[in-house]
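Enquirer: The structure follows.
The values are calculated or read from the model by the stated rules, or taken from the named source; none is laboratory data. No experiment lies behind these values; they were computed from the predicted model shown. Note: ideal-geometry Cβ built from the backbone for every residue, glycine included; neighbour counts use all protein chains shown.
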């Protein structure tokens, strides 16, 4: 039987190791990106940088837009808006009670062109929703109670439902938020500078500074490595424990089979000696040949208990059906000695 617990621990350790290595690699990459202290210097940097390799930079500033979104419920002005609406209701289950559940009714997302501004210049950010580290603020969370009619409420009740209301949540990236962006800097034909996801490299949009981001990635990389080592040791322990138990169990079965065969051979030898004594002491009267064969066959059969090797086996194990022990020994067993299945009941049997 495969030790799935140990295998799962080893696979988890491998996954944690890969996560830690990726975080550590990202931290090293972020240390090598070009830091732009003032956005006005980015245009000069792009003009002097090599055109063959992409220029990955980190910039900081406040979020701004020429056409911001006005949020309906919170009244904030934002550049990214995600709105969800969930229908909450009570559902009648099979046990006869009511449990609360919800279903998504609406999921909407909007984004307008926006930029970072530090007072010296502007840089547009493209594709920020696919960046790592972007956190949208919950601007509004409103619960609207259900106002259905009596007829509609009766129909829902007959279907096993009780409508409670609708929960609407607005998550936004408001204007004026301080952000740090790591990505590829490019300039188009009209001189507009933008930050976008590089073809190969990091792309972060986060409220943390670049130093905080590097520190967090390094910390998580170490924690993943420690967890990977712990899971590895535990998985190896479980696998080794199962392997040792399997080897000992096989050795126990081999020893048990050897004892049974030795007892059968000894019994056969004793039977042959008895036959020789009977034939040598007979007064000329011979028994029926079929009776002799039957008695010899009965003596050959190893009908001794495999535990004590003294009493004849007379107990049948339920549910496996094996009969290899006497009633005295079977009362001390929890598993069948032959198949290792759990013994639910030991039934005494009689041969005659």
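Enquirer: Tell me yes or no: at least one residue of the range 110-117 is surrounded by 12 or more Cβ atoms within 10 Å (Cβ to Cβ) and modelled with pLDDT under 90.
Expert: No, the range 110-117 contains no residue that is surrounded by 12 or more Cβ atoms within 10 Å (Cβ to Cβ) and modelled with pLDDT under 90.
Enquirer: Looking at the range 1-16 only, could you name the residues that are assigned to a helix (DSSP H, G or I) and farther than 14 Å from residue 234 by Cβ?
Expert: Residue satisfying the conditions is 15 alone.
Enquirer: Can you tell me which residue is nearest to residue 137 (Cα to Cα) among those in the range 86-118 that are in a loop (DSSP other than H, G, I, E, B) and touching a residue at least 24 places away in the same chain (Cβ under 8 Å)?
Expert: Step by step, filter the range 86-118, then rank; the result is 112.
Enquirer: If you go through the range 119-129, how many residues are part of a helix (DSSP H, G or I) and exposed (fewer than 13 other Cβ atoms within 10 Å of the Cβ)?
Expert: Going through the range 119-129 one residue at a time, the tally reaches 1.
Results for (1) in contact (Cβ under 8 Å) with a residue 12 or more places away in the chain; (2) closer than 30 Å to residue 22 by Cα; (3) assigned to a helix (DSSP H, G or I), shown as yes or no for each residue.
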| site | (1), (2), (3) |
| --- | --- |
| 162 | yes, no, no |
| 173 | yes, yes, no |
| 249 | yes, no, yes |
| 257 | no, no, yes |
| 263 | yes, no, yes |
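Enquirer: Within the range 43-60, is even one residue farther than 30 Å from residue 211 by Cα, within 38 Å of the chain's Cα centre (by Cα) and surrounded by 13 or more Cβ atoms within 10 Å (Cβ to Cβ)?
Expert: No, there is no match, as no residue in the range 43-60 is farther than 30 Å from residue 211 by Cα, within 38 Å of the chain's Cα centre (by Cα) and surrounded by 13 or more Cβ atoms within 10 Å (Cβ to Cβ).
Enquirer: For the range 201-214, which positions are surrounded by fewer than 18 Cβ atoms within 10 Å (Cβ to Cβ) and over 29 Å from the mean Cα position of the chain (by Cα)?
Expert: Correct list: 207, 208, 209, 211, 212.
Enquirer: Output the residue which, of all residues in the range 215-259 that are in contact with a helix residue (DSSP H, G or I) (Cβ under 6 Å, 6 or more places away or on another chain) and more than 22 Å from residue 10 (Cα to Cα), is surrounded by the most Cβ atoms within 10 Å (Cβ to Cβ).
Expert: Looking at residues that are in contact with a helix residue (DSSP H, G or I) (Cβ under 6 Å, 6 or more places away or on another chain) and more than 22 Å from residue 10 (Cα to Cα), I get 217.
Enquirer: In addition: Name every residue in the range 175-191 that is over 36 Å from the mean Cα position of the chain (by Cα) and touching a residue at least 40 places away in the same chain (Cβ under 8 Å), in order of residue number.
Expert: Selection gives 175, 176, 177, 178, 185, 186, 187, 191.
Enquirer: Mind checking which residues of the range 23-38 are in a helix (DSSP H, G or I) and either loosely packed, with under 14 Cβ neighbours inside 10 Å or free of Cβ contacts under 8 Å to residues at least 60 places away in the same chain (or both)?
Expert: 25, 28, 31, 32
Enquirer: A further question on this structure: From the residues in the range 39-85 that are at pLDDT 90 or above and outside any strand (DSSP E or B), which one is farthest from residue 108 (Cα to Cα)?
Expert: The qualifying residue farthest from residue 108 (Cα to Cα) is 66.
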